[in-house]
Structure formats: structure tokens, C-alpha cells
Amino acid sequence: MVRSGVGKSTLVDSASAAREAIGRALAPLAGASPRFVWVFATAPHDHPAILAALREAAPGARLAGCSGEGVIAGEASEEREHALAVLAIASPDVFFEPFLIDGYGADPAAAGRALAAQVAAVKADRPLALFVFPDGLVGDCTVFLDTLAEALPCSIPVLGGTAGDDMAFVRTYQFLDERVASGAVAAVLVHGAARIALATSHGCVPIGLERHITRARGGWLDEIDGRAAWLVFKDYLDGDVDDLNAEGVIHLSLADDVAPESAAAALDDRERYVIRTPLGLDKERNALFFPGGGLATGRTVRIVRRDPDRIRESAERCARRILEAARGHAPAFVLQFDCAGRGQVLFGSCAADHIVRPLRTVLGDSVPWVGFHTYGEIAPVAGRARYQNYTVALCALFDDA
């Protein structure tokens, strides 16, 4: 049986925040010692102080996680300077093997191979999922995920999110036990007597016809259908927009069609498209920068518009897919990795009402629930793990039945 508890804190002092959060997380364990603690904290915190305080309170537990633009705990979405969320887990039958791979920013392919080798060394009988938390500001995440998939010794779901900071885009952090790194990948292999269910949703609506990337390189998208990419985007905006901060730009993204041609017609938007959001503009070339790699010359894409109403609706459908897999059982815990662009940037102080509570209403208000706001979400689409934006990736773990 899996026992788990969630704790959060918005205290400014990092050690005090850790003690408050872990105290709340340990209470539901009824005296059982936690085997593992997920840790998600905003970037301005003193992370070594957090990890040291967590280690003192839960000396036998492994710790892993990363920094985020905000954290999710229970029904709350906390996007403030200092926020911390932890999930403590005790179980004799489910195991958590954490890793920290350095050098991701310099060589994401090597990081993928190194992580796969460490996963293979565990020799888990019943691998359930591999959670990955790469640095969100450096490294080509698509190269990392593709290399990882090729090198893994078994086929298991890979999901998670890229670490964030407080929208300063300066530095993010990855955690393992009491170690803090940057430019790295934190990862957790979950294995044992349990089941998992995954679901994703984005809430974007395709507009216009299919288009084709005619020139792209190194994350930069230069041309769509032979025209400068920024000029194509501007066709969908009112007025003479001149940068990515203009009103209306936040609602536009690109949908990359990743489904095999033979299956595309039978798939819905969730199963077919990966949403990508531009974060850089070269005005001289009218080129757009998409972090995370993956957009290449020849790919089929569509312009999509973010729809706040559809975000809530698709989030509820996402939770219902999890519920269908539950077989009448409540999850032991739920992990939510949600884009920083879907929180208060879009919904202001009501973000939790749109991106967390609709999910909890379906799956149960008492389910232990934790996560963070990412700089990029990682979840399977069309049969393999993909880097994506403006998406929620949801994972529920159930006791084996």
C-alpha cells in the first residue's frame, strides 16, 4: 500500500519553509517512514537549506525534484517569489530511484545515454515510469529525449517538465538528495507493485490551414511556406505588432503534427499535435526561436490559438481519462506538470480555478496532489516522449489491484 502526503509553504525563510512543508506532508503517513520525497521550489529560495531541512526531518528518504516558475500543491497554484511543495511517500512495494545527470546543457545526447545507462543498472522488475526534469534554459530537450528513448533498456513512459525560474530566464536548479545543480537533469525511476495512468491536454484551437516549415535550424524557425515565420504569425494578429510582448501574441502558438501519416486522420488534436511556443524574435530576419528543439525543415504545422475556456474543458477531459483507468480506485497520488504560460500569466489570481481545481473535482479533492509550473512539459504523444509547451502533463499512481 502506498501512503503519501503533500505539504506546501510560502514562508520566505527557506529552512522554515521546508520544515513547515514536510511536517504537513508527513502527517498523513501515520508514523510510517517516507521512502521518497518529491521537491519543487521556486528559484529564489535557498535550495541547499531546503534540502538539508528535509533530510533532517526525513533522514531515510531520497529527495529529488527541481525549481519551477511556481508550485502546485493540493488545490493551490502558488506563483510567487517563495513557494515550496513536497510529496512524501511511504510504501513497501513501490520504489523510487533518483538520478542527477550533469552536462545536459553542454551535451544533451550524452546526458540521455548516461541516464539510460543508470536506469539499466537498476534492473527493475516492474518499471512504471521515468520522470525527467532537465534544465529549462539550456540544452536541446528533443535531442535528449530521442537519445534517451533509443538507449533505454525497456519501453516505459517518460514524462516530466523542464525546470524554471521566476520568469527571469537566468538560472534553473535540479535537486538530488542534498545536492543542487544547474545545466543538469534530475530524474526518478518509479518501479514496483503499482499502476500508473497518464494524460495530457493543451486547450489550443487550430486556425487556418496546414503549413510546412521550409527553413529551420538550431531552434530558430526562419520560414513557413517560404515566408518569414514572424510575418506568418503576424497575419493572425491585429495591427502592426512588432514584438512578442504585444497584445494577442501570448495566445498564438505552433502545433507540430507528430502523428504518422497513416494514422493522422483517426487521431484528435491531443493525440496528433505537440504545442510549441516562440520565446525569441530576431527582427532582422523575422525569425522565431522555439526552445527545446524538434522543429525541422519539412515538418507539417498549424497555427493555433490559446482558448482559456477550452483549457478548462480539456483539463477536465484529461482528468476523466485518468479516472477511466482508475478501475474504481482513488489514486495514491497525482503529479501535475503545467506550463508557466497557463498560470497567472493567462488567468491572473484565478489560475488555480482553471488549471488545478477542475482536475481535482474529477479525481477527488482528497487525493495527494503536487507539481510545478514548467518551462516545457514532457509527455508521450504519438507513441514517444515529446517536449512541448502550453500543455498539462498529468500522472496518477494507483496501488496494484
Qualifying strands (runs of 3 or more DSSP E) (wholly inside the range 97-185; at least 3 residues being in contact with a strand residue (DSSP E or B) (Cβ under 7 Å, 6 or more places away or on another chain)):
127-134, 158-161, 174-176
Give just the number: which of (1) surrounded by 17 or more Cβ atoms within 10 Å (Cβ to Cβ); (2) in a strand (DSSP E or B) does residue 208 not satisfy?
(1)
Restricting to the range 37-50, count the residues that are surrounded by fewer than 24 Cβ atoms within 10 Å (Cβ to Cβ), touching a strand residue (DSSP E or B) at 6+ places or on another chain (Cβ under 8 Å) and not in a loop (DSSP other than H, G, I, E, B).
1
State yes or no: is residue 54 within 24 Å of residue 375 (Cα to Cα), assigned by TED's automatic domain parsing to the domain that holds residue 196 and either in contact with a strand residue (DSSP E or B) (Cβ under 7 Å, 6 or more places away or on another chain) or among the small types (Gly, Ala, Ser) (or both)?
no
Determine which member of the set 223, 210 is in contact with a strand residue (DSSP E or B) (Cβ under 7 Å, 6 or more places away or on another chain), charged (D, E, K, R), at pLDDT below 95 and over 30 Å from residue 79 (Cα atoms).
210
Yes or no: residue 64 aliphatic (A, V, I, L, M), under 24 Å from residue 145 (Cβ atoms) and touching a Pro at 6+ places or on another chain (Cβ under 6 Å)?
yes
Give me a count of the residues in the range 1-46 that are under 19 Å from residue 188 (Cβ atoms) and basic (Lys, Arg).
2
Members of the range 363-401 found to be in a strand (DSSP E or B) and polar (S, T, N, Q), listed by number:
374, 388
When every residue in the range 243-259 that is in contact with a strand residue (DSSP E or B) (Cβ under 9 Å, 6 or more places away or on another chain) and in a loop (DSSP other than H, G, I, E, B) is compared, the one modelled with the lowest pLDDT is 259
Counting just the residues of the range 67-84 that are of a type in the set (A, V, I, L, M, F, W, C) and either assigned to a strand (DSSP E or B) or over 18 Å from the mean Cα position of the chain (by Cα) (or both), which one comes out surrounded by the most Cβ atoms within 10 Å (Cβ to Cβ)?
72
Output the residue which, of all residues in the range 321-342 that are surrounded by 15 or more Cβ atoms within 10 Å (Cβ to Cβ) and charged (D, E, K, R), is farthest from residue 136 (Cα to Cα).
321
Note on residue 194: of the conditions (1) more than 25 Å from residue 41 (Cβ to Cβ); (2) exposed (fewer than 15 other Cβ atoms within 10 Å of the Cβ), unmet is (2)
Taking the options 346, 359, 335, name whichever one is modelled with pLDDT under 90, touching a Leu at 6+ places or on another chain (Cβ under 8 Å) and under 24 Å from residue 66 (Cα atoms).
359
Residues of the range 1-36 being surrounded by 24 or more Cβ atoms within 10 Å (Cβ to Cβ) and part of a helix (DSSP H, G or I), which ones?
17, 18, 21, 22, 25
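Residue-wise test of (1) touching a Gly at 6+ places or on another chain (Cβ under 7 Å); (2) surrounded by fewer than 21 Cβ atoms within 10 Å (Cβ to Cβ); (3) not assigned by TED's automatic domain parsing to the domain that holds residue 371.
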site: 86; (1), (2), (3): yes, no, no
site: 104; (1), (2), (3): yes, no, no
site: 111; (1), (2), (3): yes, no, no
site: 114; (1), (2), (3): no, yes, no
site: 124; (1), (2), (3): no, yes, no
site: 127; (1), (2), (3): no, no, no
I'd like the residue in the range 260-285 that is of a type outside the set (Asp, Glu), farther than 15 Å from residue 389 by Cβ and assigned to a helix (DSSP H, G or I) and, out of all such residues, is modelled with the highest pLDDT.
272
Members of the range 369-380 that are of a type outside the set (D, E, K, R) and buried (at least 23 other Cβ atoms within 10 Å of the Cβ):
369, 370, 371, 372, 373, 374, 375, 376, 378, 379
Could you tell me whether any residue of the range 353-362 is free of Cβ contacts under 8 Å to residues at least 40 places away in the same chain, assigned to a helix (DSSP H, G or I) and farther than 24 Å from residue 172 by Cα?
yes
Filter result (without any contact (Cβ under 8 Å) to a residue 24 or more places away in the chain and surrounded by fewer than 14 Cβ atoms within 10 Å (Cβ to Cβ)) within the range 228-247:
235, 238, 239, 240, 245, 247
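The values are calculated or read from the model by the stated rules, or taken from the named source; none is laboratory data. These figures come from a predicted structure and were not determined experimentally. Neighbour counts are summed over all protein chains in view; Cβ atoms, including those assigned to glycine, are modelled from backbone coordinates with ideal geometry.
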